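Every number here is computed from the coordinates shown, using simple stated rules; none is lab data. These figures come from a predicted structure and were not determined experimentally. Every residue, glycine as well, gets a Cβ built from its backbone with ideal geometry; the counts of neighbours run over all protein chains shown.
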Amino acid sequence: MPHAQCPTTTVKLINYKWQQLIFSLGCMLLIIACNNLYPSTNQDAKLLKVATDPTFIPFEIQTASGKLEGFDIDLMRALAQPNPGIAQVALFTVKFENLPFDGMISALQAKRVDAAISGITITAERLKTIAFSRPYFKAGLAIAVRQDNQNIKDFNSLQGKKIAVQIGSTGADFAKTIPNAKISTFNSGPEFFQDLLNGNVDAVVSDAFATLYAIKNGKLKGIKVVADLLTEEYYGIATPKDSPHLDAINKAIATLLSNGTYKQIYQKWFNAEPPELPESWK
Ligand code: ARG
């Protein structure tokens, strides 16, 4: 009787299925219990307070309704979960905090924030007090003047001129090297460009990509760029010196570079192919 089944075998089979089910349920409960044991500590460890100065189009800007947008903002959000679908769990949750650019380094030193993303150029001077991730953007400075200016064309023609820069920026450092220049410092981009338009200064020295983007998108009328990428700079994500997050941030940047996300974000904001980035600064 090939189809007849012994009743005791059937009972055993049912028992076995129940045992399996109870065992799986037990495992699930154990996992849930473990996850809930220290819920707040877990969440705290993952919350990354990130400073940004959202006056730097198109890297960080704030919309009228208060929403943060920009290349840096997209990148930082993507870094939190570099491999969605593969790694189920986000590396951290990002909480942005607006800070003036000039106050960022001291906020990092005092560990009032865990990181800062703000088109911050990696420099030897800054590396003395804070740490940086691997470079995430290739940048450089530009000279901008009023549309009708025919005299200023390059570094040499800036000698003795009135120049506006952002306080604490690489543009400010650069301006100090121009012989006899009269330098005015401002807190943010919109302010120093306004000063240029008002005719109070002859030129602005600031980040090329930001200036060119603002001109191209009609946000800066009556201004032109005369010299571009005067310096070679790389932006990095800044952290306090002994940050426990730097390693995860660096690995996440590498992932975004290799999985195409970086390229996608770059194309969204700059409509161009991203250049090669070095793995480390200098
Ligand atoms: N790259 C320049 C620097 O690091 C200027 C950055 C300005 N960024 C900003 N969000 N305002 O000094």
Computed on alpha carbon atoms, what radius of gyration and Dmax characterise segment 127-243, expressed in Å? 14.7, 49
Would you work out if segment 81-122 is rounded, prolate or oblate? Take a ≥ b ≥ c from the square roots of the eigenvalues of the alpha-carbon gyration tensor; rounded if a/c is under 1.5, else prolate when a/b is larger than b/c, oblate otherwise. prolate
Low-density loop cleavage sites - trypsin sites (Lys or Arg not before Pro) in segment 182-233, where at most 13 other Cβ are within 10 Å (DSSP): Lys221
Once you place label points 7 Å from the Cα toward the Cβ at Phe155 and Lys176, how far apart are they in nm? 1.7 nm
Packing-based exposure ordering (other Cβ within 10 Å, fewest first) of Phe56, Phe186: Phe186, Phe56
Mean 1/r over all different Cα pairs, inverted: what Kirkwood radius does segment 37-178 give, in Å? 17.6 Å
Skipping prolines and chain starts, which residues have an amide H placed within reach, meaning under 5 Å, of the one on Asp53, given they are 5 or more residues away or on another chain? Leu99
Compute the semi-axes of the equivalent ellipsoid of segment 138-184, taking the square root of 5 times each eigenvalue of the Cα gyration tensor, and list them largest first in whole Å. 17, 13, 10
Cα convex hull volume per residue for segment 191-282 (Å³): 146 Å³
Amide H of Ser184 versus every other amide H placed in the peptide plane: which residues, excluding those fewer than 5 positions away on the same chain, fall under 5 Å? Ile163, Ala164, Val165
Could you list Thr185, Thr211, Thr177 so that the one with the fewest beta carbons within 10 Å of its beta carbon is first and the one with the most is last? Thr177, Thr185, Thr211
Segment 149-221-segment 67-89 distance, computed between alpha-carbon centres (Å): 33 Å
Just in segment 230-274: which trypsin sites (Lys or Arg not before Pro) are loop by DSSP and have at most 14 other Cβ atoms within 10 Å? Lys241
